[in-house]
Amino acid sequence: MIKYGFIGTGNMAQAMIKGLLAKGVSAKSIAVYSPRSAAKLTEKWGVISLSAQRLIDDSDLIVLAFLPNQLENVTANLDFKNKLVVSVLAGITLEQLIAATHTTQIVRTLPNVNVAINQGVTAFSNTALTATNNTIFKVFSDYLGSNFNLAETQFAIFSAVAGSGPAYVFKYIDALAQAGIANGLETELATDIATQTVLGSAQTLALSTHSAKELQNAVASPGGSTRAGLDDFDTQNFDDVIVHAIKATVEHKHL
Ligand SMILES: NC(=O)c1ccc[n+]([C@@H]2O[C@H](COP(=O)([O-])OP(=O)(O)OC[C@H]3O[C@@H](n4cnc5c(N)ncnc54)[C@H](OP(=O)(O)O)[C@@H]3O)[C@@H](O)[C@H]2O)c1
């Protein structure tokens, strides 16, 4: 049984723990440490609350899930014993992780919130791992969703598309629902209809051999109402709006 340890138990750690539990990972094989809220997770899920060093000693895979600017502070007095360390710290490079943890077995990841329902999209980049650690990481990451091995230089664009992406999809769903409401649909109904339409369309695309552009054209017959809508999207420069928003996301400097 692989043993997992989480240092930091905020939104992302909880999303990942939820995903692991949903796949049948035993709560007893998950240890958590954080200064204030770890005990609450023990009550909520039955996971084990340990000191940070005990957690490292007892785990096969240790997730760093505190805030990026806490890296030096949190790791200063810990001995990682060359264990497998998986970081979710946005913007923290493998080089910085090696310097802080003194381990050679590190995976830098960037997961998105959908790991909580095992549908996450995660970028990862790693040091040379032992075969055992490679397998441990693969088992862990497969539980949580789809995983993409990317160069660290591509993490910023990945973060904009996949990390911030869920917020942009929620925004689109909300706009679609609001348009339905403005034209007479009841609020809850409009939201359900918009949500299921996006969910089903994403699944159709994922299962299809056609591109998103080809599927647009398949739905829109020439001279039909969908074509009129798509033409209006083009007139309003919808694609440029998305490109512009992604650029703003990538170029945003953390305060
Ligand atoms: N949220 C996302 O969608 C997302 C996506 C990708 C990557 N990330 C990354 O995930 C990390 C965590 O983000 P988050 O949204 O989960 O933040 P968060 O909800 O603010 O959680 C931060 C956690 O860090 C813990 N912490 C504070 N001081 C600590 C210390 N000295 N030692 C150990 N733990 C400590 C806090 O513990 P207490 O609760 O006990 O105070 C809290 O559990 C960040 O590095 C972020 O870049 C987040």
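Couple of notes before you dig in:
- Extreme residue, farthest from the ligand (Cβ to nearest atom), among residues of the range 43-54 that are under 21 Å from residue 143 (Cα atoms) and open to solvent by less than 70 Å² (accessible area, probe 1.4 Å): 46
- Screening residue 34 on (1) more than 23 Å from residue 142 (Cα to Cα); (2) open to solvent by 50 Å² or more (accessible area, probe 1.4 Å) shows it passes everything except condition (2).
- Residue 63 within 23 Å of the chain's Cα centre (by Cα), within 11 Å of the ligand (Cβ to nearest atom), crowded, with 18+ Cβ neighbours inside 10 Å and over 20 Å from residue 160 (Cα atoms): yes
- Taken together, 18, 28, 40 contain a single residue that is in contact (Cβ under 8 Å) with a residue 60 or more places away in the chain, farther than 26 Å from residue 96 by Cα, outside any loop (DSSP other than H, G, I, E, B) and in the same structural domain as residue 97 (by TED's automatic domain parsing), which is 18.
- Restricting the range 1-13 to residues that are more than 16 Å from residue 85 (Cβ to Cβ) and open to solvent by 50 Å² or more (accessible area, probe 1.4 Å), the residue that is modelled with the highest pLDDT: 11
- In the range 133-170, of all residues being within 19 Å of the chain's Cα centre (by Cα) and among the hydroxyl-bearing types (Ser, Thr, Tyr), the one that is least open to solvent (accessible area, probe 1.4 Å) corresponds to 141.
- The single condition among (1) outside any loop (DSSP other than H, G, I, E, B); (2) open to solvent by 80 Å² or more (accessible area, probe 1.4 Å) that residue 229 does not satisfy is (2).
- Condition check for residue 173: in contact with a helix residue (DSSP H, G or I) (Cβ under 9 Å, 6 or more places away or on another chain), open to solvent by less than 50 Å² (accessible area, probe 1.4 Å) and more than 12 Å from the ligand (Cβ to nearest atom): yes
- If the condition is being modelled with pLDDT under 95 and under 16 Å from the mean Cα position of the chain (by Cα), then the range 14-56 contributes no residue at all.
- Members of the range 84-102 that are away from the ligand (no atom under 12 Å from the Cβ), outside any helix (DSSP H, G or I) and surrounded by fewer than 19 Cβ atoms within 10 Å (Cβ to Cβ): 93, 102
- Test: residue 121 is outside any loop (DSSP other than H, G, I, E, B) and surrounded by 15 or more Cβ atoms within 10 Å (Cβ to Cβ): yes
Let's see how each residue does on (1) open to solvent by 90 Å² or more (accessible area, probe 1.4 Å); (2) in contact with a Lys or Arg (Cβ under 6 Å, 6 or more places away or on another chain); (3) over 18 Å from residue 177 (Cβ atoms):
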{"residue": "193", "(1), (2), (3)": "no, no, no"}
{"residue": "198", "(1), (2), (3)": "no, no, no"}
{"residue": "203", "(1), (2), (3)": "yes, no, yes"}
{"residue": "209", "(1), (2), (3)": "yes, no, yes"}
{"residue": "220", "(1), (2), (3)": "no, yes, yes"}
{"residue": "236", "(1), (2), (3)": "yes, no, yes"}
{"residue": "247", "(1), (2), (3)": "yes, no, yes"}
{"residue": "251", "(1), (2), (3)": "yes, no, yes"}
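The values are calculated or read from the model by the stated rules, or taken from the named source; none is laboratory data. What you see is a predicted model, and the numbers here were worked out from it, not measured in a lab. Don't worry about glycine lacking a Cβ; one is built from the backbone with ideal geometry, like all the others, and counts go over all protein chains shown. All accessible areas refer to the heavy atoms of the entire protein, side chains included, with ligands and DNA or RNA removed. Shrake-Rupley method; radii C 1.70, N 1.55, O 1.52, S 1.80 Å.
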